[in-house]
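Working notes for the structure below.
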Amino acid sequence: MTPKGYTEDILIEQPAITLLAELGWETFNAYSEFDNGASPLGRETKAEVVLKTRLREVLLRLNPEVSVESIHQAIEELTRDRSRMSAVAANREVYHLLKNGVRVPVPDPEGDGETVEVVQVIDWDNPANNDFLICSQFWISGEMYTRRTDLIGF
C-alpha cells in the first residue's frame, strides 16, 4: 500500500504543473474534456493530437505578413502523417520545421513561377510571443488503444 501523499500526481504531476504555470504556461486538466460535448481545446475527437485552432491563431500572430492560405499549408505540412517514416527521420523533419519555419510555395503575383514564404512556428527571439499550454490527463486514441497522458505540452 502506498503511504498517503506518495502518489505520482502529488509528487510529480502537480509540482510540474505549478512550476510551468509560474513560468507563464496556461494549464488545463483534460480528464473530462469531452464530457459536455465539444472540447474546450477545439479537438473533434481524441485521435486529434494537434490543437489546430490554437496553432492557427499563433501562426497568424507570429506571421502577420503571410497569407492565410500559406498558414493553412504550413499547418498541413506540420500535421502531415509521418507514421511510415522511422521515428528518427520524422523527428528530424519536424525539428527542422519548428526550428527554421515551414517553407510554403506561393504563386508569383506576376505569373512567373513561384516564390516561397517562410511561416515561423516558434518565435525564438521573444519567447513571450509563443503560446504555451500544459495539459494533464490528456486522452489520445490510436488505431488500437486509447491512452491518457499525465502531462503533455503544447
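The values are calculated or read from the model by the stated rules, or taken from the named source; none is laboratory data. Not measured: the values here are computed from a predicted model. Ideal geometry is used to build each Cβ from the backbone, glycine not excepted, and the neighbour counts take in all protein chains shown. Surface areas here come from the heavy atoms of the whole protein model, side chains and all, with no ligands, DNA or RNA. Shrake-Rupley method; radii C 1.70, N 1.55, O 1.52, S 1.80 Å.
Descriptive notes on the structure:
- If only residues of the stretch 15-42 that are open to solvent by 50 Å² or more (accessible area, probe 1.4 Å), among the acidic types (Asp, Glu) and not in a strand (DSSP E or B) are counted, the one that is nearest to Gln137 (Cα to Cα) is Asp35.
- Qualifying residue in the stretch 40-51 (condition: touching a Gly at 6+ places or on another chain (Cβ under 9 Å) and among the aliphatic types (A, V, I, L, M)): yes
- The stretch 43-53 - residue that is in contact (Cβ under 8 Å) with a residue 12 or more places away in the chain and not β-branched (Val, Ile, Thr) and, of those, least open to solvent (accessible area, probe 1.4 Å): Leu51
- Check on Ile152, of a type in the set (A, V, I, L, M, F, W, C) and closer than 30 Å to Glu8 by Cβ: yes
- The stretch 74-107 - residue that is β-branched (Val, Ile, Thr) and out of contact with any strand residue (DSSP E or B) (no Cβ under 8 Å at 6 or more places or on another chain) and, of those, nearest to Arg56 (Cα to Cα): Ile75
- For the stretch 111-154, a residue qualifies if it is polar (S, T, N, Q), part of a strand (DSSP E or B) and in contact (Cβ under 8 Å) with a residue 24 or more places away in the chain, and the qualifying residues are Ser136, Gln137, Ser141, Thr146.
- Residue match in the stretch 69-78 (condition: without any contact (Cβ under 8 Å) to a residue 40 or more places away in the chain, touching a helix residue (DSSP H, G or I) at 6+ places or on another chain (Cβ under 8 Å), on the phi > 0 side of the Ramachandran plot and surrounded by 12 or more Cβ atoms within 10 Å (Cβ to Cβ)): no
- Residue that is farthest from Phe154 (Cα to Cα) [pool: residues in the stretch 20-56 that are in contact with a Phe, Trp or Tyr (Cβ under 6 Å, 6 or more places away or on another chain) and of a type outside the set (Gly, Ala, Ser)]: Lys46
- Qualifying positions in the stretch 7-42 - in contact with a strand residue (DSSP E or B) (Cβ under 9 Å, 6 or more places away or on another chain) and of a type in the set (D, E, K, R): Glu8, Asp9, Glu13, Glu26, Glu33
- Contact map, the stretch 7-30: residues that are polar (S, T, N, Q) paired with residues that are assigned to a strand (DSSP E or B) and at pLDDT 95 or above, Cβ distance under 6 Å, separation 6+ or inter-chain. Pairs shown: Thr27/Ile134; Asn29/Ser136; Asn29/Gln137.
- Top-ranked residue in the stretch 64-110 [being in a loop (DSSP other than H, G, I, E, B) and among the polar types (S, T, N, Q); ranked as nearest to the chain's Cα centre (by Cα)]: Thr79
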